[in-house]
Amino acid sequence: MLRLRSLVVTVSIGCLALFAANCTSPAAAQASADLDPASRGTHLFLRHCAVCHGADGEADTLAANLLLPRPTAFRHGLFKLVSHRNGMPSDDDLVATLRRGMPGSTMMAWDWLPEADLRALAGVVRQLAVRGRATAIERTAAVTGQALTPAQARELAEQQLRPGAPVETGAPRPVDAALLAAGETLFQRHCASCHGADGRGLPGADEWPTDGTWLRPRDFTAGYLRGGATHQELACRIRAGMPGAHMPPVELAVAETEALVAYVQNLIPDAARRHHVQWRRTLRVERSAALPADGDAAGFDRIEAVRLPVAPLWWRAGAANEVWLRAAHDGEQLLLQLEWADGSRDERPRPEAVLGDGVAVQFARTEEPPLFAMGSTDAPVAIWRWQTFDPKSAAGQLDLTSSWPHTGIDVPIGVRSPAARGEAIEVTGVGTASGAVGSGRPLQVAARWRDDRWTVTFRRALHAGGPDEVDFKLGTPTLFALAVWNGSLDPNVASKVITTWHVLELQR
Ligand code: HEC
Ligand code: HEC
């Protein structure tokens, strides 16, 4: 069910308004109320989380192999964002993580789900962690010849995962030179060995080899904070560490914590604090009298551009981190223009090239699509795609084993070879990008590369030409998500960056 609780962006010619909206659909609220919290949690987990974390929370999934950092395997009971001294998360910690996501990874924000659903999901995560710990405890007991029933093992696991005393965070103090100097001394003593003397991380850390776990100390100026930059949040990171990551807890007095937090906050530019959070946005697009023609720069300039943060599947510092979107309609046609930075134009196939530069807009054809790319068999998505050249693929197959050896994947993923450079396709899940081609309603695409940026404009009639295409109804929200490829990195999975689902609402 479509549940929209998100940042709303009204797009119209020459006018942009930002306001909060809470438009939970009545049908969705009803369906949610029909299930008890545990069943609702399981339903949501299988729908949205299992693709990456696995139905059993083992994170041993096809998608997980394509992602860096790797999705967390809950069985270990290690969570990075905790506010308790024993390093265990409270349900509040888990809910806060779900609401904000973990910028710098593909763990998106679930801010659009109601509080009750987030609590239910936190409950599922905790149960999976308890189950994993209990299994480990039982195994140890068996090896050491201890008599332990499954119920006892479970109880022990629950105890171990229970959050202890909260971290003593202190409170923000008025910032002056003395406080910052005290903070800096602590920083150089406890933190600089990993985060660098200037807080920008260690040089070359991006190139460190990794098995999918995150080894790289954060560059505080880059704005990728998994857990936010408030006093409370930073104090928790410092005092509780980030369990499961290579970020140790540090024992400090409260006054020291306060000084160090003030110093670290000072290293984080304001603009960077929320820059990469993948909150869902709603774009309300007012009706225009006429759409600008290709090449009518002034016409496009009058359409407000909305910034959507993107996350690379395989994280790297230089990946595109935002796409600017312009949307307009005149009651007959929809125009979407996407613009993003790409310092190299990859237009010619090379021996190792698979896709070249490209972009895809994915539209949900059902009300509650799985978050992560490409739909599922019961929730197909429609995709508008443009690539600089037709994918290289003899039999329409991209052999991931040889192309991406680090992923350990041995099932080939089908990649359909488009008939033209711009096309509409329907797909039904990761690895099935070979669904039926849209029934031929023309999708017009115009692309331009200038000043190290691509601008790609799609135009299509609002009404679908066939059952496998997306039909835009005025006043009815449509979920959409974006993907952008950088052909210089072909065929590495790192060439792809994605957004979460956002909402497009064409006004009457
Ligand atoms: C697209 C893949 C993807 C999906 C879908 C996804 N996650 Fe994650 N999740 C990740 C990644 C990647 C990480 C690890 C981030 C890191 O370590 O920095 C993560 C981490 C987490 C963590 C660990 C938090 C911590 O403090 O360390 C929790 C809990 C979590 N996810 C819950 C969920 C839940 C619940 C859902 C569904 C509502 C979900 N995830 C959906 C990719 C995903
Ligand atoms: C042994 C190396 C190491 C030391 C010492 C260390 N860190 Fe970290 N730190 C890391 C790593 C690695 C990460 C990234 C963890 C991740 O994202 O999985 C990190 C992440 C962070 C973050 C980001 C949290 C977020 O929300 O993304 C903050 C803030 C931080 N460290 C502060 C500090 C401070 C302050 C100190 C000194 C008290 C410190 N660290 C000491 C390795 C270290």
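Dividing the mean sequence gap of close Cα pairs (under 8 Å, 6+ apart) by how many residues region 177-272 holds gives a relative contact order of 35 percent. Against the criterion of solvent-accessible heavy-atom surface with a 1.4 angstrom probe, 213, 499 sort, most first, into 213, 499. Across region 227-354, the relative contact order, built from alpha-carbon pairs under 8 Å that are at least six residues apart, equals 17 percent. Extension gain for residue 301-residue 135 works out to 53.8 nm (0.36 nm per residue, less the C-alpha to C-alpha distance).
Projecting label points 7 angstrom from Cα along Cα→Cβ for residue 451 and residue 352 puts them 3.2 nm apart. Residue ranking by accessible heavy-atom surface, 1.4 Å probe, largest first, among 91, 468 comes out as 91, 468. Take region 461-508 with all the other protein chains still there, run a 1.4 Å probe, and you get 30 Å² of accessible area per residue. Counted residue by residue at 0.36 nm each, then reduced by the alpha carbon distance between them, the extension gain from residue 476 to residue 146 reaches 112.7 nm. When 162, 307 are compared by accessible area at a 1.4 angstrom probe, the order from most to least is 162, 307.
The values are calculated or read from the model by the stated rules, or taken from the named source; none is laboratory data. Just so we're clear, the structure is a prediction, and the values are computed from it rather than from any experiment. For neighbour counting, all protein chains shown are included, and Cβ atoms are generated from backbone atoms with ideal geometry for every residue, glycine included. The area values use the complete protein model at the heavy-atom level, side chains included, leaving out ligands, DNA and RNA. Shrake-Rupley method; radii C 1.70, N 1.55, O 1.52, S 1.80 Å.
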